[in-house]
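Data block below; observations after.
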Amino acid sequence: MSLKRNVVAVGGLLLLMPSLLRAAEPPALDTGDTAWMLTSSALVLLMTLPGLALFYGGLVRSKNVLSTLMHSFFCAALISVLWVLFGYSLAFGPDQAGGLIGGLDYIGLKSLINTNSSYSGTIPALLFVMFQMTFAIITPALISGTFAERLRFPAFATYMLLWVTFIYCPLAHWVWGGGWIATRIGALDFAGGTVVHISSGVSALVTAIYLGKRLGHGHEPMPPHNLPFTVIGASLLWVGWFGFNAGSALTSGQLASVAFINTNTAAAAAALGWLLAEWARTGKPTMLGAASGAVAGLVAITPGAGFVTPGASVIIGALAGGVCYSAVSLKPRIGYDDALDVVGVHMVGGTLGALLTGVFATAAVNPAIPALTLGVAGGGLALLAKQAIAVLATYLFAGIGTLIILMVVNAVLKLRPSIEDEIAGLDLSQHSERAYAIGSEPIALAVDGIGEPKPAVRPPRFTDQFAVVLEGIDLDELSRRWRDLCRVNGAATDEFKNVYSHFTTLRGNQFRFRSGEREDVRRHVESLFKSVAPSAKARVVA
């Protein structure tokens, strides 16, 4: 059996398959590599807890922030146990079924105690297990951004369990565990472009379409309730991603250094690319745009972080910023409700990064890359074709598999909450908790597990409530205009300040206000929409 047929690139390293490692003298444990991988494992876990939790949590409405935080926290708990019991074995166990899944040799991990990893002999086997566990934790947590604010918790828990078992573990085996994509196709994925980002993005798209839109989507503004949370979360993701990408080198040497600088460079270039695209389109760069752009760049560089040069990472990042911004901007036109833009960032960014890895990968950076045919920028047309096959296989497997899982879970548990539960918010209806109790009385709901409604202890604080109905304008146009005004604070005009300072909710074409001079508010509402509906008229109702 030739050496070439027993070599596989795992995490970007040129590694011997376990069958050859057993025949050779095992390398000694390296304390430097071990220390780096311990650090990297902690950094990747930091990406989920608290990075992704805060990033997503700040983007939802205040009535759903705890349920959104719970998604990430629960994934960390559930998958940590699942991975030890059988997940790692399915992903990295001895190959079964012609490269489709790993065997059950490592169930419970007992056989790996006091051994070195067969994928990098310089670190303990259990440390490699832990590092890969952090990837398995964050991947399904990424999907949760698409169904934020509209999925029952029992259905969520079951969905995550089935998705990791039947989608993530096989994909991880195909790409990193010695499965068919790595050994037969030869596609490259340094740290998870296909396994993590494309799989979660495609699954997010299927989930968004299957679930349908949130109540009021397209007619009511749903702005982020706490952008500082989101920025802090994005910052933690940026820092944690050094463990994600540079840790995938599995050593603390030159390759980790290349992946480290490529990761930072692509994030920076993508933040600039997103801001420039947003600035050109809307006239103002936003903090949310900068944070989203950085994440898009981190996603795009992931598959090629240890295969491309720092110069190529600038191009990959800049393209990711512009392309992902365009993808997110198209969402309202296409019509699906991806609550937190998982599809536009992770599916599109991951696909772009995987294909560009085929363009820019070079053996000068990583000797794990096989001999390449002549092509663009050191990569090759043959390698680009391999990358495309891996992308397409991930699309089909994750998409079809997710649809089957959703149908099964919905048949048994019901995915969507009731209309009353969704209006009240998932924090109360699913967890009997509220994130913020300042400035309002507790809300009594007739929901299972919460109890019967109780009399109010005092009258409502706002006794001068009223509504303004805007007539003569298309509801979609009204909704788009109001979202744009909220996004840029109405460019700080007096009309917007007068309206928004008293505003509570928007239902269809009816604006509700808690206070204010009624005639002034009516006049200002009408004025705000004159640019898109010159004939629109506003009137005050009780």
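Here are some residues: ALA234, ALA277. Which one is closer than 30 Å to ILE423 by Cβ, part of a helix (DSSP H, G or I) and in contact (Cβ under 8 Å) with a residue 24 or more places away in the chain? If you could, list the steps in order and put the result at the bottom.
On the way: ALA277 fails: closer than 30 Å to ILE423 by Cβ.
Being closer than 30 Å to ILE423 by Cβ, part of a helix (DSSP H, G or I) and in contact (Cβ under 8 Å) with a residue 24 or more places away in the chain holds for just one of ALA234, ALA277, which is ALA234.
Residues that are under 23 Å from ALA246 (Cα atoms), of a type in the set (A, V, I, L, M), outside any helix (DSSP H, G or I) and in contact with a strand residue (DSSP E or B) (Cβ under 9 Å, 6 or more places away or on another chain) are absent from the stretch 75-95. Just one of LEU275, LEU236, LEU298 is buried (at least 19 other Cβ atoms within 10 Å of the Cβ), closer than 30 Å to LEU383 by Cβ and not β-branched (Val, Ile, Thr); which is it? It is LEU298.
If you go through the stretch 398-433 and keep only what is in contact with a Pro (Cβ under 8 Å, 6 or more places away or on another chain) and hydroxyl-bearing (Ser, Thr, Tyr), you end up with just SER429.
Look at (1) over 26 Å from ILE143 (Cα atoms); (2) of a type in the set (A, V, I, L, M); (3) touching a residue at least 40 places away in the same chain (Cβ under 8 Å); (4) in a helix (DSSP H, G or I) and you find that ALA296 fails only one, number (1).
Tell me which of these PHE153 doesn't satisfy, since it passes every other one: (1) surrounded by 23 or more Cβ atoms within 10 Å (Cβ to Cβ); (2) of a type in the set (A, V, I, L, M, F, W, C); (3) out of contact with any Ser or Thr (no Cβ under 6 Å at 6 or more places or on another chain). Unmet condition: (1).
Quick grid of which residues meet (1) in the same structural domain as ASP338 (by TED's automatic domain parsing); (2) at pLDDT below 95; (3) in contact with a Gly (Cβ under 8 Å, 6 or more places away or on another chain); (4) not acidic (Asp, Glu):
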{"position": "ALA9", "(1), (2), (3), (4)": "yes, yes, no, yes"}
{"position": "LEU38", "(1), (2), (3), (4)": "yes, no, no, yes"}
{"position": "SER41", "(1), (2), (3), (4)": "yes, no, yes, yes"}
{"position": "VAL44", "(1), (2), (3), (4)": "yes, no, yes, yes"}
{"position": "MET47", "(1), (2), (3), (4)": "yes, no, yes, yes"}
{"position": "VAL60", "(1), (2), (3), (4)": "yes, no, no, yes"}
{"position": "ALA76", "(1), (2), (3), (4)": "yes, no, no, yes"}
{"position": "ILE79", "(1), (2), (3), (4)": "yes, no, yes, yes"}
{"position": "ALA91", "(1), (2), (3), (4)": "yes, no, yes, yes"}
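The C-beta contact set for the stretch 196-220 (first residue at positive phi and part of a loop (DSSP other than H, G, I, E, B), second residue of a type in the set (Ser, Thr, Tyr) and crowded, with 24+ Cβ neighbours inside 10 Å, distance under 6 angstrom, 6+ apart or interchain) is empty. Residues in the stretch 249-271 that are touching a strand residue (DSSP E or B) at 6+ places or on another chain (Cβ under 8 Å) and either surrounded by 23 or more Cβ atoms within 10 Å (Cβ to Cβ) or under 28 Å from THR286 (Cβ atoms) (or both): ALA249, LEU250, LEU255.
Out of THR146, THR158, THR134, THR139, which single residue is surrounded by fewer than 22 Cβ atoms within 10 Å (Cβ to Cβ), of a type outside the set (Gly, Ala, Ser), assigned by TED's automatic domain parsing to the domain that holds THR34 and modelled with pLDDT of 95 or more? It would help to see each step written out before you state the result.
On the way: THR146 fails: surrounded by fewer than 22 Cβ atoms within 10 Å (Cβ to Cβ); THR134 fails: surrounded by fewer than 22 Cβ atoms within 10 Å (Cβ to Cβ); THR139 fails: surrounded by fewer than 22 Cβ atoms within 10 Å (Cβ to Cβ).
The conditions single out THR158.
Return yes or no: is ALA246 under 28 Å from LEU127 (Cα atoms), in the same structural domain as ASP189 (by TED's automatic domain parsing) and either modelled with pLDDT of 95 or more or buried (at least 24 other Cβ atoms within 10 Å of the Cβ) (or both)? In short, yes. When LEU356, LEU426, LEU406 are screened for being surrounded by 16 or more Cβ atoms within 10 Å (Cβ to Cβ), at pLDDT 95 or above, outside the structural domain of HIS225 (by TED's automatic domain parsing) and not hydroxyl-bearing (Ser, Thr, Tyr), only LEU426 passes. The criterion of being touching an Asp or Glu at 6+ places or on another chain (Cβ under 7 Å), part of a loop (DSSP other than H, G, I, E, B) and assigned by TED's automatic domain parsing to the domain that holds THR39 does not hold for HIS225. Going by the conditions given, is LYS331 closer than 22 Å to GLY216 by Cα, assigned to a helix (DSSP H, G or I) and among the basic types (Lys, Arg)? So LYS331 fits the description; yes.
The values are calculated or read from the model by the stated rules, or taken from the named source; none is laboratory data. Just so you know, these numbers come straight off a predicted model, no measurement behind them. A quick note on method: Cβ atoms are made from the backbone with ideal geometry, for glycine too, and the neighbour counts reach across all protein chains shown.
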